[in-house]
Amino acid sequence: MKESYFPQEIEKRWQEVWERNNVFHTPDNSDKPKYYALSMFPYPSGKLHMGHVRNYTITDVIARFKKMQGYNVLHPMGWDSFGLPAENAAMKHGADPAKWTDENIAYMTKQLKMLGLSYDWQREVTTCKPDYYKWTQWLFIQLFKKGLAYKKEAAVNWCENCGTVLANEQVIDGKCWRCDSVVEKKYLSQWFFKITDYAERLLDDLDKLDGWGDNVKTMQANWIGKSQGAILRFKVKEAEGLEVPVYTTRPDTVHGITYLVVAPEYKDIEKLTTPENKAAVEEYRANARKMTEIERLSTERVKTGVPLGTHCINPYTGEEFPLWTADYALVEYGTGAVMAVPAHDTRDFDFAKKYNLPLKVVIQNPENPSDCKDGAYTEEGVLVNSNEFNGMKNTEAKQAITQKAVDGGFGEFKTQYRLRDWLISRQRYWGAPIPVVYCDKCGIVPEKEENLPVMLPTDVDFSVVGKSPITTSKTFAETTCPVCGGKARREMDTMDTFVCSSWYYMRYSDPKNTELPFSKELVDKWLPVDQYVGGIEHAILHLLYSRFFTKALKDIGLLSFDEPFKNLLTQGMVLKDGSKMSKSKGNTVDPDEIFENYGADTARLFILSDSPPARDFDWSDAGVEGCYKFLNRVWRLVSDNQQNLIKDYKLEFPLTRENDDLARTVHIMIKEITNDISNDFQFNTVISKYRELTNAIYEWRGRKAELNDEDKNVLSFAIITLIKLMSPVTVHMSEEIWHDLGFDGSIHDQMWCKWDDNLAKASKITLVVQVNGKVKDKIEADEGVNDEELKVIALSSAKVKELIAGKEIVKTIVVPKKLVNIVVKG
RNA sequence: GCUCCAGUGGCGGAAUCGGUAGACGCGUUGGACUUAAAAUCCAAUCGGGGUUCUCCCUCGGUGCCAGUUCAAGUCUGGCCUGGAGCACCA
């Protein structure tokens, strides 16, 4: 064994050996129980960043730990390789997106291998390859046949910079999730997936996800945005037969309506406008169209609106109230019309105040009635001015008042969701073509399954502006109708990359299948994913879409489970100097440099060491240095003692006191490290325990000049156990030492260390003695003493005697093997 | 505005059940080794006060204020601060 630690040489050598020996291949057939550990697959942007390193190291350690615990572990990797950056590179540098992507994948694969990750590369999937997107297209057709994929004209989010539409989930604060430019609304005909059909199940099943953090679950629940209320229809006084339906969660306030607002885009708005008001209304609507989403949805903005000149009749009171249009009503939510109750809604209150509209109190707090002149009363209360409902609690009145509408035929109970259907078509080239054709005779028709994949054309011109490069292909558009065989045109839009990533974790179970996206048998064998690890930024996007896909594919009969990810770990960001690493800030750290200077084991150790996985991690050069020093320290411990180490060590109890203590420390560390990994993957404390054990061995060794046989056996036990415990993290160094000690085979095929409960505790305990809850003394005692004896020991303390002299002992509390608290009075 | 998460030394953080607050590391300071440096090793490191002063004693301390308890970083109620998500969603 070399005296010094040379990670670069060691790491390269073992990576080659592992690859040659196929060490990380996962067989489908095994007697062992399965475990599926998965990192969110990356976009092949060119180079790994530290966020990747953190993500993949966490999952890798989990996978290796589970493997050593006797599981057949599936730990695959792949590429989310469709998407705009490849296309942008093509437009900028004239590169072929496929080639650009392949080169990035090749480089990043090399980096992943340098990190020592235990992937089964035989299961690699790449979403931009025809053998993958063929099945994305096939799945689209299955959803289409089920009525879950459809095309409609709608107001959609348009990013001018990216030249494509976006899903609601991809608009962050009114801006494009990818390029940060302001998103506009456009009316276009687009493809959607009917995720709203699953709103209820997506919400309810969150309760089943015990292994997910509450933060992610609440974010999804908020996004789905369920609310319960009523639809109420109001007759229009000036137009016979015309009604305006509203959605409200506050039917209890219906007697307090003093006006009604429709969105500027409301479908019947022209019919509801009188000739005198037409000009003003038109102008208002034109202005609303010009505004960006951000301007329009700002809650800071003063509310504006104009009257339409018409009136509705309140069926509960017979009162008439005016109709207005105002842009605080949203056409996409509910019915696009809002009943306004200024006394009990802050928004309505603001609006009514500005335009001098009347206010009618219908709910009061009996203890503290308010006239609502200074603000809306939105708390619970009792109904007033509400005819037969007077005196009723408002929470009960919701039910009763809606029931009256149902009985009277002018309303019904209604559950409303905020979630909108998922817009999946993109006007871009580098994506999976939507496999449908347009036929003049047959309409919209899916491509025949045997004709899949619909290949992306390669005869395209990337220099075009204002339209998708795919439209420049001379060969792509023209096709024949799969039904009638006549002339037809292909759909030119491609699918959102989030469609590709909604099912990739299923493909890993059966990556080479040419008949189906995956066989039911294999997908049901491997899934759901036991542990999914990735960034919080996908809390809604990818994780919601994948849950929808899983439920839809289950309903289609392709699989038997209905939640894809049993446990989810959302790792924190990697920071440097307190802010997120980013190229624009210039505070990035290049993984390649770390590999070169310190080796992958140091990088792996450090990225896990300072913070628990879910928290943000602040990168520090001193921290890396510290981890590198620690590995040197471990290396030296082994190399200095190599002649004393016995491969087949044996411990024969009883041992001498010092040796017994060291052996116990080792057992305690096995127990605690195992528990720390099992319990939420607390790798930071795991690593502090590696250090504690190393320190303990050094300290023990420092007290011995010469080693006898027993010493050598105990030392061997301690060091070999340390190396094994470290092996999931410091994968190369552990393997190297393992072989230097004369073992055959890979350390990564060894079973995880076991502890003995009788030994995983110190032989002596420190008894804490409290008087009235304050620590007053600490006394060493034998591990085996019972509670009564502990009391006696505590009372024998000189300090305690002094403190309780002349006082009455009220009671004595004993915590077994730990603490005695003497409560005294006087 | 609503929802969720967090708040512990100079810093990252530790502390299954309520039971020794500050593990482990970083940093800092002092020392050993060295011609010197690097590397390595050893020691100290929450604050105030006391003292017979390398020992030791005492009081306070986990964002703030109450409460429950023999005992609270941990449980309950009410705040404050920071972060994240949602947001004219009727």
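Compute the label zone of A:Lys761 within the range A:690-728: residues whose backbone N is under 20 Å from the point 7 Å along Cα-to-Cβ. Zone members listed by number: none at all.
Among the trypsin sites (Lys or Arg not before Pro) within the range A:324-389, those in coil by DSSP and having at most 15 neighbouring Cβ atoms inside 10 Å are A:Lys373.
Based solely on its DSSP helices, what 222 nm [θ] is calculated for chain A when runs of n ≥ 4 H residues each add -39,500 (n - 2.57) and the sum is averaged over all residues, nearest 500 deg cm²/dmol? Can you show the working numbers first?
On the way: 24 runs with 294 residues, N = 826.
Calculated from helices alone, the mean residue ellipticity at 222 nm is -11000 deg cm²/dmol.
Taken about its Cα centre, the range A:453-586 carries a charge dipole of roughly 320 debye when the Cβ of each Lys and Arg holds +1 and the Cβ of each Asp and Glu holds -1.
Rounded to the nearest 20, the size of the Cβ-charge dipole of chain A about its Cα centre is 480 debye, with Lys and Arg at +1 and Asp and Glu at -1. Simple spin-label estimate for A:Asn632 and A:Asp590 gives 2.4 nm between the two label positions (7 Å along the Cα-to-Cβ direction from each Cα). Any of A:Lys66/A:Lys576; A:Lys110/A:Lys754; A:Lys175/A:Lys580; A:Lys226/A:Lys271; A:Lys2/A:Lys761 with alpha carbons more than 24 Å apart? Name them for me. The answer is A:Lys66/A:Lys576; A:Lys110/A:Lys754; A:Lys226/A:Lys271; A:Lys2/A:Lys761. Ordering A:Gly229, A:Met40, A:Met392 by Cα displacement along the dipole of chain A toward the positive end leaves A:Met392 in first place; charges were set at the Cβ atoms of Lys, Arg (+1) and Asp, Glu (-1). Remark: the range A:737-812 carries 59 Å² of accessible area per residue (probe radius 1.4 Å; ligands, DNA and RNA excluded). If a paramagnetic tag sat 7 Å from the Cα of A:Asp204 along the Cα-Cβ line, which residues of the range A:555-595 would have the backbone N under 19 Å from that point? Inside the label zone: A:555-557, A:560-565. Summarising the label geometry, the points placed 7 Å from Cα in the beta-carbon direction at A:Glu332 and A:Ser560 lie 4.0 nm from one another. If only the Cβ of Lys and Arg carry +1 and only the Cβ of Asp and Glu carry -1, the dipole of the range A:206-285 around its Cα centre is close to 200 debye. In this calculation the C-beta distance from A:Leu188 to A:Asp96 is compared with R0 = 30 Å, giving a FRET efficiency of 0.55.
Each principal axis of the Cα cloud of the range A:435-593 was taken in turn, and the coordinate range along them, longest first, works out to 62, 45, 26 Å. Accessible area per residue for the range A:541-650 is 40 Å², calculated with a 1.4 Å probe on protein heavy atoms, without ligands, DNA or RNA. Volume per residue for the range A:314-457 equals 235 cubic angstrom (convex hull of Cα atoms).
How much length, in nm to one decimal, is gained on full extension between A:Lys235 and A:Asp749, taken as 0.36 nm per residue of separation minus their Cα-Cα distance? All intermediate terms of the calculation are to be shown ahead of the outcome.
Values: separation 514, 0.36 × 514 = 185.04 nm, distance 7.61 nm.
Gain on stretching A:Lys235 to A:Asp749: 177.4 nm.
Evaluate the Kirkwood expression for the hydrodynamic radius of the range A:4-142, namely the inverse of the mean inverse distance over all pairs of different C-alpha atoms, and round to one decimal in Å. List each step's numbers first, then the result.
Details: mean 1/r = 0.0596 Å⁻¹.
Result for the range A:4-142 stands at 16.8 Å.
Note down the nm distance, to one decimal, between modelled labels 7 Å out along Cα→Cβ at A:Asp740 and at A:Lys811. Label at A:Asp740, label at A:Lys811, 5.8 nm between them. Once the chain from A:Asn675 to A:Asp268 is taken as fully extended at 0.36 nm per residue, the excess over their C-alpha distance is 140.1 nm.
Could you tell me how far the Cα centroid of the range A:372-432 sits from the Cα centroid of the range A:564-604, in Å? Cα centres, the range A:564-604 to the range A:372-432: 46 Å.
Would you kindly state how much longer the chain becomes between A:Arg301 and A:Asn597 on full extension, computed as 0.36 nm times their sequence separation minus their alpha carbon distance, in nm to one decimal? Can you show the working numbers first?
Details: separation 296, 0.36 × 296 = 106.56 nm, distance 5.46 nm.
Value of the extension gain: 101.1 nm.
For the range A:545-631, the list of trypsin sites (Lys or Arg not before Pro) that fall in a loop by DSSP and count at most 16 other C-beta atoms within 10 angstrom reads A:Lys583, A:Lys585, A:Arg615. Largest to smallest in accessible area, the residues A:Glu699, A:Glu563 fall in the order A:Glu699, A:Glu563 (1.4 Å probe, all protein chains included). With viscosity set to 1.567 mPa s at 4 °C, what whole-number translational diffusion coefficient in µm²/s follows for the range A:436-530 from Stokes-Einstein and a Kirkwood radius over Cα pairs? Estimated diffusion coefficient is 81 µm²/s. Note on chain A: with neighbouring protein chains present and a 1.4 Å probe, carbon and sulfur make up 49 percent of its accessible heavy-atom surface. Based on the Cβ-Cβ distance of A:Glu379 and A:Ala280, what FRET efficiency does E = 1/(1 + (r/R0)^6) give at R0 = 51 Å, to the nearest 0.05? Efficiency for this residue pair is about 0.90.
Along the charge dipole of chain A, which of A:Pro517, A:Thr26, A:Leu575 sits closest to the positive end, that is, farthest toward it, with unit charges on the beta carbon of Lys, Arg, Asp and Glu (+1, +1, -1, -1)? The listed residue farthest towards the positive side: A:Leu575. Within the assembled protein chains, the solvent-accessible surface assigned to A:Glu736 is about 20 Å², based on a 1.4 Å probe. When the residues A:Ser579, A:Ser386, A:Ser463 are ordered by accessible surface, computed with a 1.4 Å probe over the protein chains alone, the sequence from largest down reads A:Ser463, A:Ser579, A:Ser386.
Rounded to the nearest 0.05, what FRET efficiency do A:Arg418 and A:Lys474 give with R0 = 45 Å and r taken as the Cβ-Cβ distance? Could you check?
Values: r = 44 Å, r/R0 = 0.98.
E(calc), rounded to 0.05, equals 0.55.
Rounded to the nearest whole angstrom, the semi-axes of the ellipsoid equivalent to chain A, taken from the Cα gyration tensor as √(5λ), stand at 60, 42, 22, largest first.
In Å², and per residue, what accessible area does the range A:214-354 have when probed at 1.4 Å with the other protein chains present? Don't skip to the answer; put the middle values down first.
Values: 6270 Å² over 141 residues.
Each residue of the range A:214-354 exposes 44 Å² on average to a 1.4 Å probe.
Against the main long axis of the alpha-carbon atoms of chain A, helix A:731-740 sits at an angle near 20°.
The values are calculated or read from the model by the stated rules, or taken from the named source; none is laboratory data. Keep in mind the model is a prediction, meaning the values are calculated, not measured. Glycine also receives a Cβ, built like all others from the backbone with ideal geometry; neighbour counts cover every protein chain displayed. The area values use the complete protein model at the heavy-atom level, side chains included, leaving out ligands, DNA and RNA. Shrake-Rupley method; radii C 1.70, N 1.55, O 1.52, S 1.80 Å.
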